[in-house]
Amino acid sequence: MRSTMMDAPLQVSRILEHGSTVHGTAEVVTWTGAESRRMSYAEVGRTAARLAHALRDECGVTGDERVATFMWNNTEHLVAYFAVPSMGAVLHTLNIRLFPDQVAYIANHATDRVVLVDSTLIPLLARVIGEMTTVRHVVVAGGGDPAPLTAAAGDRITVHHWDDLLAGRPETYDWPEVDERDAAALCYTSGTTGNPKGVAYSHRSIYLHSLQICMPEGFGLAPTDRELAIVPMFHAMSWGLPYAAFLSGASLIMPDRFLQAAPIAEMIAAERPTLAGAVPTIWNDLLAYLDSHDVDTSSLKEVIVGGSACPPALMHAFAERHGIDVIHAWGMTEMSPLGSVARPPAGATGDDAWRYRYTQGRVPAGVAARIVGPLGEPLPADGTSVGELEVRGPWITARYVGDEAPDEEKFRDGWLRTGDVGTLSPDGFITLTDRAKDVIKSGGEWISSVELENALMAHPDVQEACVVGVPDQRWDERPLATVVVREGASVTAEELREFLAKSVARWQLPERWAFIDAVPKTSVGKFDKKVVRSRYADGGLEVRELAGP
Ligand code: AMP
């Protein structure tokens, strides 16, 4: 029997219509350095209509053509997030921090026709626009001299100014009905090996994913919330926060290019967010700042931390010293990106609740998960069997853009192979021990680099610690600990090893130690272990070696 239900497509324009009418008084706030500029969601709706008209009439965007953004998190980027998919075109969020060659590769692979750019990023875009062979129009938001763009790309591109382009255009747009399975947005992985791979989110996947973000077991958004969206809009769609904000009526606070601890602290005090999202390195820096400055963070109840493993010490420090709950979450670009959120189950209290909070979290109904062994054989979800995590669901990609068939290295029998290693409990909590490629194989046993990092970062004098496996004649691989010491503190390798010995088995203790100024980071702020390994291999690290296991 067929249902009697209407077949209304799940599409981005519906999220826009809802947010800009029902929640029209909610606002997006963009930090400008010392203060904020603000726009109501109703005005975002009108501006999105004007941008869509401009893209169609002046830039010739039709059908599913690609419109790229090369922007910080700000109001104009939010407008593009809605205008482009709503008009049926495909939004492509370019990662401004990738190497120029990779940015050009991605833009060409996606056949981007238009690029929307923040004026502060003109110099960066000018370095690559000459290689972006399919681009015909560049729209500059904010005042700035676009001459470097035309100098680099010549007559191939027409440069427009955002304000001029949008001026006088109609404030409504007859958003077309789209096939909900068509692409709405494109994001490329920030993979550190090989070329980035494209993931095309559908209108349907965005809609469903946004609902999950709003759920209490997700980020629990309500119209009373103000979300500080630090996670870049060019990285996994800012974890879906912009769309979820329009669904829920939560206001948005955008940091633009001010991503250091001091301006973020200032934003928190001035704009009073209730919730924020970013990778652990940002929170780690902010914690050090908050510990030494008097900042009013009383509005902030929860910060969602994901993108890499969140050290338990960071969670405790925020809870105990600043009254802020750090909620651990896990996901991937390939997963829109939400995979799991670590909220303790009903009845868990005290240490028991903390143990749940250390995990990567519980999967929602939209994410089916399993653990598999080396041959792909499913292992029990018993919380102890360790293997690679595989996932599937309506907001998880089934292949990469341009691939006729799923790449066998990344997909197996309709499941996405995450490359993450860990356990799955009967009640759906994922605990990751490592990336498959970062696990340290020592004398036939596995050492978790993340576990060592977490233990080291619990030391009061350690600001950051990154552990990688390095070749060892006797044991095959051994851990190398690279450590950033907190400003004004001093600590020795011997002392750190003794400290580790309290929580880590002796045979896992690193004998190689290097003190460094900063851990190298990827384009999205994660520890770049590939760079650490190659620095070690090239002799670029001053390594101290203690006696072995
Ligand atoms: P990306 O596609 O850049 O978001 O990277 C996804 C990868 O980041 C995952 O496959 C994990 O390896 C890692 N990751 C994300 N969140 C976490 C987390 N909470 N704990 C550990 N690793 C994480």
Exercise for the section: Could you tell me whether E477 is under 21 Å from G307 (Cβ atoms) and open to solvent by 20 Å² or more (accessible area, probe 1.4 Å)? Expected result: no
Problem - Filter result for the condition that a residue is part of a loop (DSSP other than H, G, I, E, B) and crowded, with 20+ Cβ neighbours inside 10 Å, over V79, V44, V61 - result: V61
Fill in the blank from the handout: Checked region 258-286 for anything within 26 Å of V12 (Cβ to Cβ) and either open to solvent by 20 Å² or more (accessible area, probe 1.4 Å) or among the hydrophobic types (A, V, I, L, M, F, W, C) (or both); matches are T274, L275, A276, A278, V279
Problem - Test: W175 is more than 16 Å from the ligand (Cβ to nearest atom), within 19 Å of T62 (Cβ to Cβ) and among the aromatic types (F, W, Y) - result: yes
Problem - Of residues in region 303-355 being more than 8 Å from the ligand (Cβ to nearest atom) and aromatic (F, W, Y), the one most open to solvent (accessible area, probe 1.4 Å) - result: W354
Fill in the blank from the handout: Restricting attention to region 499-545, the residues that are in contact with a Lys or Arg (Cβ under 6 Å, 6 or more places away or on another chain), open to solvent by less than 50 Å² (accessible area, probe 1.4 Å) and away from the ligand (no atom under 16 Å from the Cβ) number exactly 3
Practice task
Determine, yes or no, whether D296 is within 18 Å of the chain's Cα centre (by Cα), of a type outside the set (F, W, Y), open to solvent by 30 Å² or more (accessible area, probe 1.4 Å) and away from the ligand (no atom under 16 Å from the Cβ).
Solution key: no
Exercise for the section: Considering each residue of region 433-461, count those that are within 11 Å of the ligand (Cβ to nearest atom), of a type in the set (A, V, I, L, M, F, W, C) and under 17 Å from L314 (Cα atoms), and give that number. Expected result: 1
Handout entry: Within region 97-119, tally of residues that are assigned to a helix (DSSP H, G or I) and surrounded by 17 or more Cβ atoms within 10 Å (Cβ to Cβ)
Key = 7
Practice task
Out of the residues in region 518-533 that are assigned to a helix (DSSP H, G or I) and touching a residue at least 60 places away in the same chain (Cβ under 8 Å), state the one that is farthest from T482 (Cα to Cα).
Solution key: K530
Practice task
Could you tell me whether region 465-476 includes any residue that is within 30 Å of the chain's Cα centre (by Cα), within 16 Å of the ligand (Cβ to nearest atom), modelled with pLDDT of 95 or more and part of a loop (DSSP other than H, G, I, E, B)?
Solution key: no
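For region 94-125, name all the residues that are among the polar types (S, T, N, Q), over 23 Å from G143 (Cβ atoms) and in contact (Cβ under 8 Å) with a residue 40 or more places away in the chain.
Listed by number, the residues that qualify are N95, Q102, T111.
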Problem - Residue check for E494: within 16 Å of the ligand (Cβ to nearest atom), open to solvent by 10 Å² or more (accessible area, probe 1.4 Å), in a helix (DSSP H, G or I) and free of Cβ contacts under 8 Å to residues at least 60 places away in the same chain - result: no
Handout entry: Scope region 356-369; condition more than 15 Å from the ligand (Cβ to nearest atom) and touching a strand residue (DSSP E or B) at 6+ places or on another chain (Cβ under 7 Å); matching residues
Key = A368
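The values are calculated or read from the model by the stated rules, or taken from the named source; none is laboratory data. Just so we're clear, the structure is a prediction, and the values are computed from it rather than from any experiment. Every residue, glycine among them, receives a Cβ derived from its backbone with ideal geometry; neighbour counts consider all protein chains shown. Accessible surface is based on the protein model in full, side chains and every heavy atom, while ligands, DNA and RNA are left aside. Shrake-Rupley method; radii C 1.70, N 1.55, O 1.52, S 1.80 Å.
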